[in-house]
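Shown next, in structure tokens, is the structure this report addresses.
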Amino acid sequence: MYQQYDGNNNWNQNNNDVFQNNPPAPPANQPGVQTWVDPAPPIQMVQEPVSAKKKSHRSAKIVAIILAGMIVATGCGFGGSLLTNQLTGGKTSPSVLTQSVDNTSANAANKGDNDIASVAAAAENTVVEITTEVMETSPFMEQYTASGAGSGVILTSDGYIVTNNHVIDGASKITVTLKNGESYDAKLIGADATSDLAVLKIEATDLQTATLGDSDKLSVGDLAVAIGNPLGELGGTVTEGIISALDREITVENQPMTLLQTSAAINPGNSGGGLFNGKGELIGIVNAKTSASGIEGLGFAIPVNTAKPVIEDLIQKGYVTGRIKLGVSFIDIQDQTTAMRYRVNDLGTYVYQVNDGSDADKAGLLTGDLVEEIDGTKITSSSQIKEMMADYSVGDKMKIKVLRDGKEVTVTVTFTEYTPQKTTEQ
């Protein structure tokens, strides 16, 4: 199993339909409905929560941690256009993303490519620690605050920072700590669960920024240096390896991702940190590693060329254009015990909730519908539906055959561009 690391023990629902392993109790007066329950596929990426540790910068006491929990993350599959050099943040002056080698990677260039010490010196100040606070509910319905941790990479000198969506998802408070120990409250500019990317903003100036490389020019065997905040308390940790594979097709919670594979050591808390080449240029955003027992040296990162257009949209619009959303939560009822709990007779995938105003709502999909087919394909699990969503775009139609009150009904969903409400400032 492949893992993505999350400091927040909650589900990513920024722009994705809900896929969930632990079914909630059925809504009152609505028997026979739940949310996603997926049997683990042979190859899958999940996330591990990382609790933020209280510490003084640079003097963390390492303690044993238990890696537990599975948290949904979604994948990326962007190709395409390069990010423009000028990105504007509202009415402020333009923020400049640095491309190619500049002064930030001069040390690496002067000492020669593939010198790990010079790569670290050039890039370490561009990687930040991220801590979050998330409101959680205990099984006894008590509210409490959970802390989480991850990493991020400085994009612009005036404080735009990229990280993983799963690092900050659901956070009520986000704090960014620079390499020099200075801490800032961060504002969430935009997040995209599909690509697992998010952009933060801190009020700072004259920050050292990462130099963006070209992930399309990478070769297997190239040096790869990961810098991040492993275990949520070891900010600025540098590990090295190689590019083990390019364009690795990995399934992340039933959604395909195309990632860089690296042998550089990746640990919980590295999520959102940088993967750098031998010139000190950013080539990827770390987001996953293997978790299977006895397997080491398999880490993954979102290629920077994949991330660029997503980052551009997030900074300029607060969301990624061209996304679609069905607007439904599903549950798999796979055994008679679960069926009895939810008072249904048939096993299968049920509609648990339909979001008001969503494409599914407009098409007439209802809570309690048993999904039988989508565009002629028999549905056996909610994870299958999530995989199928990757094949649809804005303007496409999806015919869903459901069993409703003992009768078969077909509804046709027409997908429109999903434009989430403006992100609440953190």
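The values are calculated or read from the model by the stated rules, or taken from the named source; none is laboratory data. Predicted model, so just to flag it, every value in this text is computed and none were measured. Note: ideal-geometry Cβ built from the backbone for every residue, glycine included; neighbour counts use all protein chains shown.
Points to keep in mind about this one:
- Strands (runs of 3 or more DSSP E) wholly inside segment 359-418 containing at least 2 residues that are out of contact with any Asp or Glu (no Cβ under 9 Å at 6 or more places or on another chain): 370-374, 407-414
- Residue in segment 156-169 that is of a type in the set (A, V, I, L, M, F, W, C) and in a loop (DSSP other than H, G, I, E, B) present: no
- When 292, 265, 307 are screened for being modelled with pLDDT of 90 or more and aliphatic (A, V, I, L, M), only 307 passes.
- Search result, residues across segment 315-358 that are part of a helix (DSSP H, G or I), of a type in the set (Ser, Thr, Tyr) and in contact (Cβ under 8 Å) with a residue 24 or more places away in the chain: 338
Residues are listed down the side, and each one gets a yes or a no for (1) within 20 Å of residue 234 (Cβ to Cβ); (2) in contact with a Leu (Cβ under 9 Å, 6 or more places away or on another chain); (3) surrounded by fewer than 23 Cβ atoms within 10 Å (Cβ to Cβ):
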{"position": "121", "(1), (2), (3)": "yes, no, yes"}
{"position": "126", "(1), (2), (3)": "yes, yes, no"}
{"position": "150", "(1), (2), (3)": "yes, no, no"}
{"position": "156", "(1), (2), (3)": "no, yes, yes"}
{"position": "162", "(1), (2), (3)": "no, yes, no"}
{"position": "170", "(1), (2), (3)": "no, no, yes"}
{"position": "188", "(1), (2), (3)": "no, yes, yes"}
{"position": "215", "(1), (2), (3)": "no, yes, no"}
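- Selected residue (only one of 356, 369, 405, 396 is touching a Lys or Arg at 6+ places or on another chain (Cβ under 6 Å) and acidic (Asp, Glu)): 369
- Residue in segment 191-203 that is surrounded by fewer than 20 Cβ atoms within 10 Å (Cβ to Cβ) and touching an Asp or Glu at 6+ places or on another chain (Cβ under 6 Å) present: no
- Of all the listed residues (201, 179), the sole one being of a type in the set (Lys, Arg), touching a Gly at 6+ places or on another chain (Cβ under 9 Å), modelled with pLDDT of 95 or more and under 22 Å from residue 128 (Cα atoms) is 201.
- Any hit, segment 289-302, residues being under 28 Å from residue 226 (Cα atoms), among the charged types (D, E, K, R) and surrounded by fewer than 20 Cβ atoms within 10 Å (Cβ to Cβ): yes
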